[in-house]
Structure formats: structure tokens, C-alpha cells
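Undergrad: Please see the structure below; I have some questions.
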Amino acid sequence: MRPRADQLSVFPAFFRIADEVVVIFGGGDEAYAKARLLGNTRARVLAFSSDIDPAYARYLDENGIELTRACFDASQLAGARLVFAATGNAAEDREIVTAARAARIPANAVDQPDYCDFFTPALVNRAPIAVAIGSEGTGPVLSQMIRAEIDRRLPRSLGRLARFAEQSREAVDRLVPRGALRRRFWRRFFTGDVAGAVERGDLSDARRHATVLMMNGGRTQEGRVFLVGAGPGAEDLLTLRAHRLLMEADVIIYDALVPQAVVDMGRRDAERLSVGERKGCHSKSQDEINNLLVALGRDGKRVVRLKSGDPLVFGRAAEEMAALREAGVAYEIVPGITSAFAAAADFELSLTARGVASSLVFTTGHDLNGETLPDWARLALSGATVAIYMGRTVAASVAARLIAAGLAEDTTVAVVENAGRADRRMLHGTLRELPGLETRDELTGPVMVIIGDAVAGANFEHSEPLGGVLAAPMAEFTRI
């Protein structure tokens, strides 16, 4: 068969090494790294070295690993299941591998691919679940980067959940019919209330949920709605819990301000429904959204209601929670990074700089249209930092009322469109210049305005003056 570019030159496999002998030759950092890797297993590790680093020797002693201080001899390979040659001397490592191959023992020489019968992967350990990432020896740093990303996303409780599933298997075989119903049962088991209880460490509750699921034969289960904060829109600012729930959802309901890239992080076969709330454009009314959440919850679905930023900050979550409570549908809140924090990070701005601002206000600014000055405006006068959401269209009224109330015209302001995202735009100026923001029709994304004395301490290196030419999107800058 003619080889193709997408074919591997190795066959990924897992060796059974519980109680088997694995030999490590070498006394330096490479040997130490192999010993730590094998510490994740139940192998019987033997170490051989005539000259060993003290820290490595201490590790072996503390972990009960047998050390023989001797130079290499082929007799040391007797009974080995695997061999690692990590002496730091390339010629000696090749000698060890050659002897191991003669004895038909798979061997690995550090940094010498031609003398590797197998490659050690970057490992994510959730025993008994293991994820191994390999690059055929061509990109170990890339493998480690991928490992870190997978490790970040997989719950620490995954191994406990797998063992709990094994304990439940006999009862499942007896109570849940084979085929589609059993597949549905296991999917619910690994993503629903059972998994949640195991993650909390409450095995009693996990058994209760598993029993209910088994008695229902995998046909139905109680629905649950998750009001999830999507953060400011950057995929890597989504919380781990939010990402996990997206991967478990039956239905994802999202607002217009949530980027498609974040929505696409959900389970591939989940139903996706845009409810598109945006100023001047409502694809569904709030009542319709409430009714949809209730109906899906009653139908036994796991629903992620994905909201921009944090669901409890100007997200109308109160109305949705009230509707779900009244209908008796279970729900949970999953916080997200609110846009004010992302905007402050873009400007490297301390919102509560010591000695400058001791309080922080979140507002939309729309309540400045009344006759009475709102309490938050009075706080601004006393030095608070004010973060104004959806601030472009109310910039003039905000500036006029605050100046009229006595806030200095030269108070520094920071403006961010699409805070926290690669395509963000940043502007800075003074309260006197803020009304000009309303004429910037090219700012089509959500705009955050931050006002206060603390703003003067921000980094304006990548922002444009409010009175000048509009800055290019941040994606076009190369940051040091």
C-alpha cells in the first residue's frame, strides 16, 4: 500500500505494566523525568546508574524505587518489560538499546528516534482514564502544550466517575435494555446529575441519581437549565465549567453578543438556538425565551442558556430564574468574566487603585435620562471608578450630567469595543471628549466606557485618542 501523508509511523497502544519490571538507566534529569512518568503507573521500577544526581536519588528513596549504583551490564535487563536508556551519553544509550533489542525487550533512548521502539507520550492522568499525546518524537514541546490544554479541560473527578461507572455496570446490564437506550443511559450518566455528584465528592447522591436513571431505563431524566456566562467573547476566557457544560448540553440557547466561535465549542450534535437579543433587534421576546427554557427543561433536556459576560450582570437572568422557579425546573448559575474586567485588562487598568479609587460601579448609564442624579453618579463624584455598559449611545448624556454635577472635565476615560477579544478597539481621552463617541458609527460591537481618576493609571500604548483617528483592531498590533 502506498504511504499517505496522514498515516502514522507508530501504532498508539498502552502496555500492561502493573507489577512488571521497567528499567531506567541513567542518573540525571532525563532519567529523573522517566521515573516521575512511571510514578503514574503500578510498574516495578528499577534504576541503574554509577553516578546519580542527589535530587533524583532522594526521589527514588522516597518512592521506594530500587537503585543499583553500577555501570551498564546486559544482565541488568533480565526480566524487564520495558527499558529506558537515559544516561546522557548517546553512545552508551545506543549500546543499552542494542542489548535490549537482542533480548527482545522494547527500549527507548532519549532524543534518539532511531533507537526508540516506542515513544513516551505527554500524559494526562485521570486513572483509570489516560490520554496520551505523541508526535513520533518530532515535537515534544507541542505535545506538552496539547497535554496542558487537555488537562485543563478534563475534570479531576473523571477517574472517579469511570470507576463508579464500572461498579454500576452489572446493574445497568440487568435494568437498561441494550442498544440506543443503553447508549443514551451512559451519555446521561457521564454528563448529568451522576457526574455532577461525583465531581462534588457526594457518592451517596451519585448512587441515588444513578438508581433513578437505571429505573427509568435511560428513557427520561429531570431536565436542568444552566445560565452560563460566556465571558466577553474570547474562547480562552470561557471558564472550565462553562466549557464542560457546553460539551454536555442537549440544547444551547445563545444571545447575539455571544460569538459563533464560543457557541461552536459546544457538543457537535447539540441543538443550537439563537434568541438574538440586541438593542433594536429582538428575534425572541423575553417571555418567549422564558417559555422556551421551561419547555425544554420539562422535556428532560440539559439546556445551556449562554449569555455574554456574566449572566447576573445586566443579563436579565432574574426573569429567567423566576420563570424556572415558578415552573419547578431545576437550574444553576455559572458565572462568567464580565466585560468591565476584560476592558480593564485590555488597558492594564487597576479599577480600584489603592489611594485613588476605593469603590467600583457597574451601570448602563440609561438612568441618567431622569431628573434625579442616580446614586452611582454621586459615587463618581467621590472618586469611584465607573464602568458603563453599552456606553456608546449614552456617552453624551453621561458626560453632560456628570460635568454638570461637578465631575472635572479632564477626568480620564477609557473606551473599549469588543473588550477581551482579538478584534478589540481601544480609545482614551477625557470626560469633555466623551460625547464624540456617539458619532463613531463604525463601533458596531459592544462598547464599555470606564470613567474615574484611576483610569489615568492605565496603559494607553495601544489605544487612540478619542479626538483622533480610530485605532486599528488590536489583532493588527504585534504586542511584545
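Undergrad: Would you point out which residue out of Ala109, Ala90, Ala80 is surrounded by 12 or more Cβ atoms within 10 Å (Cβ to Cβ), of a type outside the set (D, E, K, R) and touching a Cys at 6+ places or on another chain (Cβ under 7 Å)?
TA: Just a single option satisfies the conditions, and that option is Ala109.
Undergrad: Moving to a separate point now. Could you please find all residues in region 109-152 being part of a helix (DSSP H, G or I), without any contact (Cβ under 8 Å) to a residue 40 or more places away in the chain and not assigned by TED's automatic domain parsing to the domain that holds Arg94?
TA: Residues satisfying the conditions are Pro140, Val141, Leu142, Ser143, Gln144, Met145, Ile146, Arg147, Ala148, Glu149, Ile150, Asp151.
Undergrad: Would you please list the contacts, defined by Cβ atoms under 9 Å and residues six or more apart or on different chains, that run from a residue in region 11-27 that is outside the structural domain of Ala47 (by TED's automatic domain parsing) and more than 30 Å from Asp51 (Cα to Cα) to a residue that is outside any strand (DSSP E or B) and at pLDDT below 95?
TA: Listed pairs, sorted by first residue: Pro12/Pro121; Pro12/Gly134; Ala13/Phe118.
Undergrad: Is it the case, given these coordinates, that Gly370 is in contact with a Gly (Cβ under 7 Å, 6 or more places away or on another chain), at pLDDT below 80 and exposed (fewer than 15 other Cβ atoms within 10 Å of the Cβ)?
TA: Here the answer is no, as Gly370 does not meet what is asked.
Undergrad: Having 1 or more residues that are surrounded by fewer than 20 Cβ atoms within 10 Å (Cβ to Cβ) is the bar; report the strands (runs of 3 or more DSSP E) wholly within region 256-354 that clear it.
TA: Output list reads 271-274, 330-334.
Undergrad: Among (1) out of contact with any helix residue (DSSP H, G or I) (no Cβ under 8 Å at 6 or more places or on another chain); (2) at positive phi, where does Arg316 come up short?
TA: Tallying (1) out of contact with any helix residue (DSSP H, G or I) (no Cβ under 8 Å at 6 or more places or on another chain); (2) at positive phi, Arg316 fails exactly one: (1).
Undergrad: Any idea which of (1) over 24 Å from Leu257 (Cα atoms); (2) aromatic (Phe, Trp, Tyr); (3) modelled with pLDDT of 85 or more is the one Trp376 doesn't satisfy?
TA: Here Trp376 clears every test but (3).
Undergrad: What pairs can you find where one residue is in region 38-60 and crowded, with 21+ Cβ neighbours inside 10 Å, the other is assigned to a helix (DSSP H, G or I), and their Cβ atoms are less than 6 Å apart, with a gap of 6+ or different chains?
TA: Every condition considered, the pairs that remain are Val45/Leu38; Ala47/Leu60; Phe48/Gln76; Tyr56/Tyr32.
Undergrad: A further question on this structure: Please enumerate the residues belonging to region 440-471 that are within 14 Å of Gly391 (Cβ to Cβ) and assigned to a helix (DSSP H, G or I).
TA: Selection gives Val455 alone.
Undergrad: Give the residues of region 202-251 that are charged (D, E, K, R) and in contact (Cβ under 8 Å) with a residue 60 or more places away in the chain, sorted by residue number.
TA: Those that are charged (D, E, K, R) and in contact (Cβ under 8 Å) with a residue 60 or more places away in the chain: Glu222, Arg224, Arg241, Arg244.
Undergrad: In this structure, does Arg81 turn out to be basic (Lys, Arg) and part of a strand (DSSP E or B)?
TA: Yes, satisfied.
Undergrad: May I pose another question? Looking at Glu149, Glu166, Glu136 in this structure, which one is more than 30 Å from Thr98 (Cα to Cα), charged (D, E, K, R) and modelled with pLDDT under 90?
TA: Criteria check complete, one pass: Glu149.
Undergrad: Sort out which residues of region 388-418 are crowded, with 24+ Cβ neighbours inside 10 Å, among the small types (Gly, Ala, Ser) and not in a loop (DSSP other than H, G, I, E, B), and write them in order of number.
TA: Ala395, Ala399, Ala414, listed by residue number.
Undergrad: Let me confirm something: among Gly383, Gly328, Gly355, which residue is small (Gly, Ala, Ser) and touching a residue at least 60 places away in the same chain (Cβ under 8 Å)?
TA: Every option except Gly383 fails the conditions.
Undergrad: Let me ask you something else. May I ask you to list the residues in region 167-182 that are touching a residue at least 12 places away in the same chain (Cβ under 8 Å) and closer than 20 Å to Ile129 by Cα?
TA: Answer for region 167-182, where residues must be touching a residue at least 12 places away in the same chain (Cβ under 8 Å) and closer than 20 Å to Ile129 by Cα: just Ser168.
The values are calculated or read from the model by the stated rules, or taken from the named source; none is laboratory data. From a predicted model like this one, the values you see are computed outputs, not experimental measurements. Glycine gets a Cβ as well: all are built from the backbone with ideal geometry, and neighbour counts include every protein chain shown.
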